[in-house]
Structure formats: structure tokens, C-alpha cells
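Written out below as C-alpha cells is the structure these notes cover.
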Amino acid sequence: MNTLILEDDLLMAELLETILAGIYPRLSADIVTSVAEAGNKWLPGRYQLVICDWNLPDGSGLELVRQIRKDDREVAVLMISGRSDRESVLAAAHHGISGFVSKPFSVEMVRDRLKTILPPEQDDDGDHGDLEAMLKAACEGHFQLPTTLAPADVLDLMDRAEPLDANQLAERWRDETGLTTRLLDVANRNSFRRSGEPVSTLSEAIRLVGTRMSLDIALGLALDNTHALSDAGLRERAEAFQHQSEDVAHYAQSMFRQLRLPANEAFTAGLLSRAGELVVLSVLQQYLAGGGSLTDERIDQALKDWSQPCGNRLKVQWRLPLELRELIGAIYFLPRGGAKQDRIAMRAAALVAQGRVAEPECQRLLRFAGLDPSDFADTADHEPGPE
């Protein structure tokens, strides 16, 4: 579903995008920050939904609504505003909006209003028969990974008398791949706009985004049921990939600490190392939900063909620092000659996580990195995750 979001607060726009992606699985969102930019983007038939703020630096969102309604009386328009008085609501209604949400709003409020004005089933274009097209679309566009967080847990954190700081939240969420990827995505979009400098760890992302906005984004993800894996077989595979990435993250963090290298970046790299596989499995779930059928062979082939392209695409989408991308790449492959100590340690951590510590390659890499292979001897019987 194509959506236009007019909101000059970029973090607020990112939150709205998170909420939308949790309702409409095929979301494609254009975020603009001015009435003029929105007017240039708008074309009849281009968008199925428009969300606009009222007060913008260069005018009123009602100007966009007027332009839209001249061309299209049917497209859904949700107005968001700090104005909540009766006169303002009536004025917006007079211009033909589909719904109105006043600030400050809750994630649940926006979800409910969106599902009222544009039910998720209306986003179903019926094209569920072409799995390759679905995978290609996910690889090329915006994709939101699911999280294992429960909404009640996030709400409890929101209701705490003394809010957790960024480091405490990062520690609680450290194994949440879906949330980590989304917060890095939001943080880096905003960081690049401000300073051009990316962030590479969950705690940095939370500090940049802010704890309250991070909690709102977490709740939006926790309420996302469009990417949840209801098929037992797909869920089992996802859990295996998740455990594998967590193992790599923990071993890498431990090794980097011994070597006095940045351990948090190593943990992030390990945690994100199976993001491509998780995207593919989520798309396969959507394919099943649309009436498709899958054999184990077809699942394996999709994972083989699309995990790497999707993973590489996500690294670009999230604007991850080059150093972090290279750490993730080292988990799978080291270039011949000249590999840095941190890359060598990252590859060694991946082999240890796979239970391959006794193999010559792993022994050699551990020594090259400056680590004692005997320190990891008790992992030789470690049950390897999926290759």
C-alpha cells in the first residue's frame, strides 16, 4: 500500500511508519516534511492513504487536503494535530478528511483509527500467487521484522514510575533482532539528516531516538500481527536462526572484550547476521496467509536464493556504518590476506557458534586473532544452528 506521510517531526513520522507497517504488510511510505514537498509528491491514484499534520513550517496541512479532495474524493486521509478543540475538528471534517487524531496520541489510538478508515483487507491486491515477486518486493522495499516482545511488557515499561534509561532498555532488548533493526533504521535516518554520522549499537540508537519514542516504536512492533509467524514450521526455522545469531553475538562480544575491541558493535553484528533469513520467512508466511502452499524444498530454495540479497538490502536501508556491515560480512567470509583482527575474530565467533571450534580453520583463526583456542574447547559439542 502506497502512503504519503506529511509530518515535520521526523521521529514522529518514523513512528507512524512503524504503526502502518504493522497493519498493512505491503507498505510503501513516502515521508515529507513540508506542504510544498507533499504537493509535489501528490498525484491522483499514487497513494491509497495520506497522513498529514496540521501545522507545518510552510503552511497548513489543510492546504494539502484541499488539493487532494479536488482530485480524489475517495482516498483515505488521516489528519493529525495538536489542536483538539471542537472548531478545529469541524474545520478539518469540512475539508473531507477520513479521520482525525489529536496529539499527543497513543500507538493503539492511531492503529484503531487507521483500521477504521482503511481496513487492512482493503490493502489486499490479490496478488499472492507469485512468491518470487513477493520476495523481490520485500528485498527492494521497506520491510519490518517481527519482534517477540509482548505488548503488555512494553506497556509495563511505559507505566513505570521511574523510566529506564537508554542503557537499561538496551540491556532488556539486547536479543530483540526486530526491534534492534527498526531502532537502528529510525536512528540512522535521523542521524544522517542531522550530522551524516551513523550509529551502530542499540544503546546509541535509543539515546538518539529518546526512551519515550523508543518505547512507542517497541509497542508498535509488539502490536504488529502482519509479520508474525503463525506457521509452526516457519516459526521453528526462525527460532533456529534467531538462536544462531544470538550465539554468534554472545561469542563475538566475549572475544572482542578479551581483545579490547568494541564489544557492543560485535554483538550488534552477530544479532543482525540472520536478518535476511528472517525477512524471507516472514514473506513466506504472508504467502501462506494468501492461500499459497509450500514444501520444505521450496522453503529451502527461497532461503538459499533470497536471504543474502534481502540481508544486504536491509544493511543499506538501515544506513549501517561500513565497519558494522563488514563485521556482519566477516561472519560468512574473510577476504584472502590482510583481514583485520576484528574481522578474524568475528569469523571465529561464527565458527564457534556452529560448534566447529575443533576444525583447523577455527583453531587457526582464533590464534590469528590473538585468542587461545583452549578457552573455547567446551563449545566443541555445541549444537550448531542452521548453516
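The values are calculated or read from the model by the stated rules, or taken from the named source; none is laboratory data. Keep in mind that this is a model prediction, so the values were computed, not measured. Cβ atoms come from the backbone with ideal geometry, glycine included; neighbour counts cover every protein chain shown. Note: areas computed on protein heavy atoms with side chains; ligands, DNA, RNA excluded. Shrake-Rupley method; radii C 1.70, N 1.55, O 1.52, S 1.80 Å.
Points to keep in mind about this one:
- For the chain, with all protein chains in place and a probe radius of 1.4 Å, 48% of the accessible heavy-atom surface sits on carbon or sulfur.
- Annotation: extensible slack from ASP9 through SER102 equals 32.0 nm (criterion: 0.36 nm per residue apart, minus Cα-Cα distance).
- Among the trypsin sites (Lys or Arg not before Pro) in region 48-130, those placed in a DSSP loop whose Cβ has at most 10 other Cβ atoms within 10 Å are ARG73.
- Computed per residue of the chain from DSSP H runs no shorter than four, each worth -39500 (n - 2.57), the mean residue ellipticity at 222 nm is -17500 deg cm²/dmol.
- Rolling a 1.4 Å probe over the heavy atoms of the protein chains gives region 280-387 an accessible area of 51 Å² per residue.
- Those lysines that a straight Cα-Cα span of less than 20 Å connects to LYS304, excepting residues fewer than 8 apart in one chain: LYS136, LYS315
- Residue-count net charge about GLU246 - beta-carbon cut-off 13 Å; Lys, Arg +1, Asp, Glu -1: -2
- Degrees separating the helix 10-21 axis from the principal Cα axis of the chain, which is the longest one: 80 degrees
- Angle in degrees between helix 107-117 and the longest Cα principal axis of the chain, rounded to the nearest 10: 50 degrees
- The chain, relative contact order [Cα under 8 Å, separation at least 6], %: 15 percent
- Shape of the chain from the C-alpha gyration tensor: prolate (a/c of 1.5 or more and a/b above b/c, with a ≥ b ≥ c the square roots of its eigenvalues).
- Loop-located trypsin sites (Lys or Arg not before Pro) across region 193-292 with a Cβ neighbour count of 11 or fewer within 10 Å are ARG260, with loop assigned by DSSP.
- Proximal charge balance of GLU204 [Cβ under 12 Å; K/R count +1, D/E count -1]: -1
- Relative to the longest principal axis of the Cα atoms of the chain, the long axis of helix 131-140 makes an angle of roughly 90 degrees.
- Of the beta bridges in the chain, as assigned by DSSP with both residues counted there, near 10 percent are antiparallel.
- 5 angstrom amide H check on SER28, placed H, neighbours 5+ away: ASN2, THR3
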